[in-house]
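What follows draws every value from the coordinates through simple rules; no lab data is involved. Remember, predicted model here, so these are calculated numbers, not experimental data.
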Amino acid sequence: QVQLVESGGGLVQAGGSLRLSCAASGSISSINVMGWYRQGPGKQRELVASITSGGSTNYADSVKGRFTISRDNAKVTVYLEMNSLKPEDTAVYYCNIRTSSPNVYWGQGTQVTVSS
């Protein structure tokens, strides 16, 4: 039974920072990709950032230069460092892990609210 738990969300002022964490528990095979998605009010879910097993990263244009994705393979954890936050970053952020099986796992989501 694999479970992903996100943490680190909350309320922050514009220009502030937050660090999201996603920890996976249970038996997981070799991980190919870890990523973060988000869904804002009235919007569709979109890819924010991803990182491959080899360390290659990809970011949405809207967050480039502000967000940084990283991983800790030993802890099976992926992080999202968010800086210079804007009100338009307000959304529910979801962790995603894809394994070599291939299997795909999703977290329950964590709310990020950026006020002006």
Three-way shape label, segment 35-81, alpha-carbon gyration tensor, a/c 1.5: prolate
Taking a cut-off of 17 Å between Cα atoms, list the lysines near LYS86, but don't count ones fewer than 8 places away on the same chain. LYS43, LYS64
Calculate the all-directions average of the projected area of the chain's alpha-carbon convex hull, and give it in nm². 6.8 nm²
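Normalised by the number of residues in the chain, what is the relative contact order in percent for Cα pairs under 8 Å and 6+ residues apart?
Relative contact order, the chain: 37 percent.
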Binned Cα-Cα distances of segment 52-116, short to long, each 10 Å bin given as a whole percent: 17, 49, 29, 5, 0
Expressed as a rounded percentage, what relative contact order does segment 1-53 have, with Cα pairs under 8 Å and six or more residues apart? 29 percent
